[in-house]
Amino acid sequence: MKRRIGILTSGGDCPGLNAAIRGVARASYALFDAEIIGIRGGYKGLIEGDYQEMTKSQFSNILTVGGTILGTSRTPFREMRMVGEDNIDKVAAMKENYKKMGLDCLVTLGGNGTHKTANLLSQEGLNVIGLPKTIDNDIFGTDFTFGFHTAVETATDVIDRIHTTAASHNRVMVVEIMGNKAGWLTLYAGLAGGADAILIPELPYDINEVAKVIEKRAMDNKNFTIIAVAEGAMDIKESRMKRKEREAKRAEEGTSFVSVRIAKQLTEMLNVDSRTVIPGHILRGGTPCAYDRILSTQFGVHAAQLISNGTYGVTVALHGDRIVHNSLSEVAGVAKPVTPSNYMVKTARSMGISFCDTQDD
């Protein structure tokens, strides 16, 4: 029985997307008579009917390639039910194009927003399977998302390289790492890179506690300090504000970059030479590490097996050493934050790494 499988990548790019696409395609070709339809530019392509019928050769030599051969874009979930100036009903358009393409199922590779839209389409009657990717590792129901470990390695390399210049110049270096709502990437990279303080969104920091870390290191004859901070980190006062209040406060301070604010505060408080490093989208790029190549492939193969069995309305996940799947309705829109009791947080604290929060007192 022939099956036409639509594949799209949505949201921010990350290493491992092509490996996952390859896994879905090659396993599908092996399991059943498959036709793969590549949808260009994420959900935007599904809305506009922008797609191509792919050949087997297009899935060769992409295992090690970063980014996505299908292209991607962000189409916020909150806008899916909104009809804009173009008068396009996005949900109706996606359903119509799904039928025009003659799809038997749709495989969506993406993060939280992608999964919410995938669940919406599933509820609308389409056969959908999700694959969890994001460098933030914040998708509920899976131990890890693909793309995360490669980003950890890249961020760790940044911190490693900062150590030598920080020590050479007796500086405080504030390294700002991606992660607006979840601090997993900063937590792992900070621990792996030997940061002296780790500041994440889930554990609001006190700038006075950050200053104490620097002062204590100086007393121990350590002439530099490395602070790993997630882009979404907030101080205690900010954590009690509404988002618009925080944005107004930061506009007054002249920057939206948390690392810049922290470095400026520390310079004023301690008269130290503080500098910032913001690797930004470098963390999304490059060749996926071996772990992510394997995980992406496993996820893709499991998706093909689900298609073969006619199991839809689910997203693939890693539980321990097993590849499993969860219901989209149970995963979509559910956060996976770092908790104070997380074993990685406890490991970092045991190593003397400060989160500069009240629990460090």
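The values are calculated or read from the model by the stated rules, or taken from the named source; none is laboratory data. Computed from a predicted model, the values in this text were never measured in an experiment. As a convention, Cβ positions derive from the backbone with ideal geometry for all residues, glycine included, and neighbour counts pool all protein chains shown. Note: accessible area is taken over every heavy atom of the protein model, side chains too, but ligands, DNA and RNA are not part of it. Shrake-Rupley method; radii C 1.70, N 1.55, O 1.52, S 1.80 Å.
Structural remarks
- Picking from residues in segment 187-235 that are aliphatic (A, V, I, L, M) and out of contact with any strand residue (DSSP E or B) (no Cβ under 7 Å at 6 or more places or on another chain), the one that is nearest to Ala155 (Cα to Cα) is Ala192.
- Only one of Cys289, Cys356 that is open to solvent by less than 60 Å² (accessible area, probe 1.4 Å), hydrophobic (A, V, I, L, M, F, W, C), touching a strand residue (DSSP E or B) at 6+ places or on another chain (Cβ under 7 Å) and within 28 Å of Val158 (Cα to Cα): Cys356
- Within segment 238-272, the residues that satisfy the criterion of being outside any helix (DSSP H, G or I) and closer than 19 Å to Lys212 by Cα are Asn271, Val272.
- Taken over segment 67-95, the residue count meeting the criterion of being open to solvent by 50 Å² or more (accessible area, probe 1.4 Å), in contact with a Gly (Cβ under 8 Å, 6 or more places away or on another chain) and either more than 14 Å from Leu46 (Cβ to Cβ) or outside any loop (DSSP other than H, G, I, E, B) (or both) is 3.
- Considering the conditions (1) open to solvent by 30 Å² or more (accessible area, probe 1.4 Å); (2) farther than 19 Å from Thr150 by Cα, Val213 is excluded by exactly one of them, (1).
- Residue-level check: of (1) under 25 Å from the mean Cα position of the chain (by Cα); (2) within 17 Å of Gly102 (Cβ to Cβ); (3) not in a helix (DSSP H, G or I), Gln52 misses just (1).
- Apart from one condition, Ser122 fits all of (1) polar (S, T, N, Q); (2) open to solvent by 40 Å² or more (accessible area, probe 1.4 Å); (3) more than 19 Å from the chain's Cα centre (by Cα); the exception is (2).
- Among the criteria (1) closer than 25 Å to His325 by Cβ; (2) free of Cβ contacts under 8 Å to residues at least 24 places away in the same chain, the one Ser168 does not fulfil is (1).
- Of all residue pairs spaced 6 or more apart or on separate chains, those with beta-carbon atoms under 6 Å, a first member in segment 269-298 that is within 30 Å of Val107 (Cβ to Cβ) and of a type in the set (D, E, K, R) and a second member that is part of a helix (DSSP H, G or I) and open to solvent by less than 60 Å² (accessible area, probe 1.4 Å) are Asp292/His149; Asp292/Thr150; Arg293/Ala19.
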